[in-house]
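S.K.: Take a look at the following structure, please.
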Amino acid sequence: MKTEPKLYIISGPSGAGKSTLCKKLLEQYPNIIFSVSYTTRKPRSFETEGKNYFFINQEEFVLGIKKNRWLEWAKVHDNYYGTCANFVKSLLDKKNNILFDIDTQGAEQIIRTYSDAVTIFIMPPSGAELENRLKKRKTDNIKIIKKRLGNAVKEIEKKNMYSYVIINDNLDKAFEKLCAIINKKKKV
Ligand code: 5GP
């Protein structure tokens, strides 16, 4: 018999290494399904529709708000991001564990509905290192990088609402810590 499914929420500033850690986690734990968000942000060159995000326009997103399509949604760095309520419900009905890579506003909303969600905040080792990583990945222009760094401060202020905080100064060590949390929470 399958046990109750778990919800894992991972947040942290842009450039903290969330996406990489989530990718590794999904490879290691095939019984955790990624909640693919909807966004009005333009796709990056390496991103795939339906895998990284569902890319939609603002009109469709706002209509989704009116129709209660989103379990949670937020405006992050000037774009809308949201989680499809039906998708989450159908995964939970099938007893799947779910991984969310969402910001702190979204995490607050999900916790309101699913109070036993496991929440993990990924911290960059320092502000300077965060800036370095954002510049190095070359996905955003300097104006957007500045915005993301400004938002990082606000995100970090919310870290205490999370059950776990992992400082990602070394990817392998951070991943080990993440796995330890998952293994502890997993009922087998
Ligand atoms: P990016 O544009 O770098 O992919 O993501 C920007 C931020 O939006 C990240 O902090 C990411 O966790 C967050 N995000 C991605 N999807 C969602 C979502 O569905 N809801 C919320 N609230 N935040 C999201």
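The values are calculated or read from the model by the stated rules, or taken from the named source; none is laboratory data. Treat the numbers as computed from the prediction; the structure is a model and nothing was measured. Using ideal geometry, Cβ is built from the backbone for each residue, glycine included, and neighbour counts are taken over all protein chains shown. Surface areas here come from the heavy atoms of the whole protein model, side chains and all, with no ligands, DNA or RNA. Shrake-Rupley method; radii C 1.70, N 1.55, O 1.52, S 1.80 Å.
S.K.: Among the aspartates and glutamates, select those whose C-alpha is under 17 Å from the C-alpha of K185, and discard any that sit fewer than 8 residues away in the same chain.
M.R.: Reachable aspartates and glutamates: E4, D116, E176.
S.K.: Nearest 500 deg cm²/dmol is fine: what mean residue ellipticity at 222 nm does the chain get from its DSSP H runs of n ≥ 4 alone, each adding -39,500 (n - 2.57), divided by its residue count? Don't skip to the answer; put the middle values down first.
M.R.: Numbers: 7 runs with 80 residues, N = 188.
Theoretical 222 nm ellipticity from helices: -13000 deg cm²/dmol.
S.K.: Distance check, please: which entries in K95/K177; K6/K173; K143/K177; K67/K177; K94/K154 exceed 31 angstrom between their Cα atoms?
M.R.: Long pairs (Cα-Cα over 31 Å): K143/K177; K67/K177; K94/K154.
S.K.: For W70, enumerate residues with amide H under 5 Å from its amide H, sequence gap 5+ or separate chain, H modeled in the peptide plane.
M.R.: Excluding prolines and chain starts, which carry no amide H, the hits are A85.
S.K.: I would also like to ask the following. Cβ neighbours within 10 Å, averaged per peptide: list 100-113, 156-169, 68-81 in order, most packed at the top.
M.R.: Numbers: 100-113: 19.7, 156-169: 15.9, 68-81: 17.6.
Ranking, from highest mean packing down: 100-113, 68-81, 156-169.
S.K.: Now for a separate question. Which distance in Å, rounded to a whole number, links the C-alpha centroids of segment 71-146 and segment 1-54?
M.R.: Using only Cα atoms to place each centre, the spacing works out to 9 Å.
S.K.: Now a separate question. Got a sec to turn the phi values of segment 139-154 into Karplus ³J(HN,Hα) couplings, 6.51 cos²θ - 1.76 cosθ + 1.60 with θ = phi - 60°, whole Hz, x for Gly and Pro?
M.R.: 9, 10, 7, 4, 5, 5, 4, 4, 4, 5, 5, x, 5, 4, 4, 5
S.K.: Next up: Around Y80, which amide H atoms from residues at least 5 apart in sequence, or from another chain, sit under 5 Å from its own amide H, with H modelled in the peptide plane?
M.R.: Here the answer is T40, R41, since their amide H atoms fall under 5 Å of that of Y80.
S.K.: At a Förster distance of 35 Å, what's the computed FRET efficiency of E59 paired with D169, Cβ-Cβ distance as r, to 0.05?
M.R.: Values: r = 42 Å, r/R0 = 1.20.
So the FRET efficiency works out to roughly 0.25.
S.K.: May I pose another question? Quote to one decimal, in nm, the extra length available between C179 and E47 on full extension: 0.36 nm per residue of separation minus the C-alpha distance between them. Provide the component values of the computation, followed by the final result.
M.R.: On the way: separation 132, 0.36 × 132 = 47.52 nm, distance 2.53 nm.
Extra length from C179 to E47 when fully extended: 45.0 nm.
S.K.: How do K6, K94 rank by accessible surface area computed with a 1.4 Å probe, from largest to smallest?
M.R.: Numbers: K6 40, K94 130 Å².
Listed by decreasing accessible area, they come as K94, K6.
S.K.: Would you mind computing the Rg to Rh ratio of the chain from its alpha-carbon coordinates, Kirkwood style for Rh? Please report the intermediate quantities before stating the final value.
M.R.: Values: Rg = 16.1 Å, Rh = 17.0 Å.
Radius of gyration over Kirkwood radius for the chain works out to 0.94.
S.K.: Next question. Explain nothing, just compute: Karplus ³J(HN,Hα) = 6.51 cos²θ - 1.76 cosθ + 1.60, θ = phi - 60°, for every residue of segment 171-182 in order, whole Hz, x for Gly and Pro.
M.R.: Couplings: 4, 4, 5, 5, 5, 4, 5, 5, 4, 4, 5, 4 Hz.
S.K.: From a point 7 Å beyond the Cα of K95 in the direction of its Cβ, which residues of segment 1-23 have a backbone N at a distance under 20 Å?
M.R.: 1-8
S.K.: Could you list the chymotrypsin sites (Phe, Trp or Tyr not before Pro) in segment 1-57 that lie in coil according to DSSP, counting only those with at most 11 other Cβ atoms within 10 Å of their Cβ? Spell out each step's value before the answer.
M.R.: Details: sites: Y8, F34, Y38, F46, Y53, F54, F55; in loops: F46.
Of the chymotrypsin sites (Phe, Trp or Tyr not before Pro), the ones in loops of segment 1-57 whose Cβ has at most 11 other Cβ atoms within 10 Å are F46.
S.K.: Would you pull out the residues with amide H under 5 Å of F54's amide H, same chain only if 5 or more places away, H placed 1.01 Å from N?
M.R.: S37, Y38, T39
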